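The values are calculated or read from the model by the stated rules, or taken from the named source; none is laboratory data. Quantities reported herein were computed from a predicted structural model and do not represent experimental measurements. Note that each Cβ is placed from the backbone with ideal geometry, even for glycine, and that neighbours are counted across all protein chains shown.
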Amino acid sequence: MAPTISWQQLRNYMEQWTWRQGDCTVTGFNPPEKARDKRQKPFYFRAVTGKGEVIGGEAVCLKVFLKEHQRMVKFTQSGQVRRIRDYLVMEVNGIRVVTH
């Protein structure tokens, strides 16, 4: 059985950045202002839409709506921007998400 996480921990998987610091590449949150080569780290996810359709693909997180438990993602291949509900996400990078 795959490890599981709560939807409240999605930030650890969906909001990471990579940047250059000296000769090293760093992965984390909130990159410094003067960091070089800043870019969001893409993640693969699968989720259910409000209409019950399963969607998924590689994306980056553009914006988070904390009060609504939603986030805006942009698919890396198509460039499509969608708003997804955190509690309908089923999997991120192979980690199953359990909604409560």
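Numbers for the structure displayed
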read-out	value
Complete set of residues in segment 62-79 that are modelled with pLDDT of 90 or more and out of contact with any Lys or Arg (no Cβ under 7 Å at 6 or more places or on another chain)	K67, E68, K74, F75, T76, Q77, S78, G79
Only listed residue being under 24 Å from M90 (Cβ atoms), assigned to a strand (DSSP E or B) and acidic (D, E), chosen from E58, E68	E58
Filter result for the condition that a residue is under 11 Å from the mean Cα position of the chain (by Cα) and surrounded by 13 or more Cβ atoms within 10 Å (Cβ to Cβ), over A35, A47, A59	A59
Residue list for segment 13-27, restricted to those being of a type outside the set (A, V, I, L, M, F, W, C) and surrounded by 13 or more Cβ atoms within 10 Å (Cβ to Cβ)	Y13, E15, Q16, T18, R20, Q21
N30 vs. criteria modelled with pLDDT under 90, out of contact with any Leu (no Cβ under 9 Å at 6 or more places or on another chain), assigned to a loop (DSSP other than H, G, I, E, B) and under 28 Å from R85 (Cβ atoms)	yes
